[in-house]
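Trainee: I have a structure I would like to understand better, so I am pasting it below and will then ask my questions one at a time.
Read-outs: derived from the displayed coordinates by stated rules, not from any lab. Keep in mind the model is a prediction, meaning the values are calculated, not measured. We place every Cβ from the backbone using ideal geometry, glycine too, and count neighbours over all the protein chains shown.
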Amino acid sequence: MATANTMEKPFFLTSIGKKYLMGLTGLVWSGFVLGHMAGNLLMFYSADAYNKYGHAITSGAMIYAIETVLVLCLITHVVCAISLTLENRAARGHQRYAMTPNGSKGATLASRTMAIQGSVILAFVILHIATFKYGTYYETTVDGVVMRDLHRLLIEVFQQPGYVVWYLIALVFLGFHLSHGVGSLFQSFGLKNNANEKLIQRLGWAYGLIVAAGFLAQPIYCFVRGA
C-alpha cells in the first residue's frame, strides 16, 4: 500500500514524470540541433550568408531568452538522466549480474551507452561554446552592417587536426544519442507500440544520421580545403 509521502510526491519527481521531462527537454534540444545544423550549411552557399545567419541568431535580446531555455533544458535533461540511472541500478540490485537478453528485448548498444554518449556530448557542447561563442573575434561588413566574421573563425578552427578529430568523434556520439533518443521520446509519451516500433526506429536512425552528417560536413570541408 502506498504511503502518504508517496501519494504526495510531485508527478515530475516520479520515474514517469522524469521520463516525460527527459522527453520534453530532449525534444527542445532535438529541434534546436536540427535547425542549427541546417543554418550552418549556409557556409557552403557563401561566407556572407553564413555570417548574416550567425549575426541574426546572436544579436538582439531574444538570444538571451533562447539560451536560458536551452541551458535549463540541458540541466533538467542531465539531472533526470542521472536520477533515472541511479533508480534503475537500485531497482535491479543483484539482477545486474543476470544474463542480458538478446534480440529485440535486449538493450541496444546505443541504449547501453547513453550515459557515456551524454558525457561526451556535454563536454562537446561546453567546448563548442567556448570555441565559437567566446573564441577569437573577427569583424566583417555585410550589406553595410558590421558583424562578427564567424566564417573566418570556422575555417581557422577546422584546419586544426586535433579539433577536427575530436569534433568527428563527438558528432558520431551525437548521432547515436539522437537516434536512440527519438525512440525513447515516442516511448515516454506513450506513442510507441508494436505496430510502429520499426518505423520509429528507422526515423530515429535517419534523424541521427542527417544531423550528424550535416554537422560533419563542415569540419571535413574546411580541413580538406585547407590541406
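Trainee: Provide the gained length on full extension for the span L199 to H128, in nm with one decimal, where the gain is 0.36 nm per separating residue minus the Cα-Cα distance.
Mentor: Taking L199 through H128 to full extension adds about 22.3 nm, to one decimal.
Trainee: To continue, here is another question. Pull out the extension gain between T85 and Y138, defined as 0.36 nm times the separation in residues minus the alpha carbon to alpha carbon distance; nm, one decimal. Write out the running numbers ahead of the final one.
Mentor: Values: separation 53, 0.36 × 53 = 19.08 nm, distance 4.34 nm.
Extending this stretch completely gives an extra 14.7 nm.
Trainee: From Cα pairs below 8 angstrom and at least 6 apart in sequence, can you work out the relative contact order of the chain, rounded to a whole percent?
Mentor: It rounds to 25 percent for the chain.
Trainee: Taking square-rooted eigenvalues a ≥ b ≥ c of the alpha carbon gyration tensor, is the stretch 140-197 rounded, prolate or oblate, where a/c under 1.5 means rounded and, failing that, a/b exceeding b/c means prolate?
Mentor: oblate
Trainee: Taking only Cα atoms, what is the 0 to 90° angle, nearest 10, from helix 15-40's long axis to the longest principal axis of the chain?
Mentor: Here the helix axis deviates by roughly 20 degrees.
Trainee: Using the C-alpha atoms of the chain, what convex hull volume per residue, in cubic angstrom, is computed?
Mentor: With only Cα atoms used, the chain gives 163 Å³ per residue.
Trainee: Taking Rh as the Kirkwood radius computed over C-alpha pairs, what is the Stokes-Einstein D of the stretch 1-87 at 20 °C in a medium of viscosity 1.002 mPa s, expressed in µm² per second?
Mentor: 138
Trainee: Still on this structure, please answer the following. In debye, nearest 20, what is the charge dipole magnitude of the chain about its Cα centre with +1 on Lys and Arg Cβ and -1 on Asp and Glu Cβ, if you could check?
Mentor: Numbers: 16 positive and 9 negative charges, 188 e Å.
With Lys and Arg at +1 and Asp and Glu at -1, about 900 debye.
Trainee: Same structure, new question: I'd like the orientation of helix 47-58 relative to the chain: the angle between its Cα long axis and the longest Cα principal axis, in ° from 0 to 90, rounded to 10.
Mentor: Helix 47-58 and the main axis of the chain meet at about 50 degrees.
Trainee: Using packing as a proxy for protection, rank 180-186, 213-219, 55-61 so that the peptide with the highest average count of other Cβ atoms within 10 Å comes first. Numbers along the way, then the final one.
Mentor: Details: 180-186: 21.6, 213-219: 18.1, 55-61: 12.4.
Going from most to least packed, we get 180-186, 213-219, 55-61.
Trainee: Choose one of T141, L203, I16: the residue whose Cα lies farthest towards the positive end of the charge dipole of the chain (beta-carbon charges +1 Lys, Arg; -1 Asp, Glu; about the Cα centre).
Mentor: Farthest towards the positive pole: I16.
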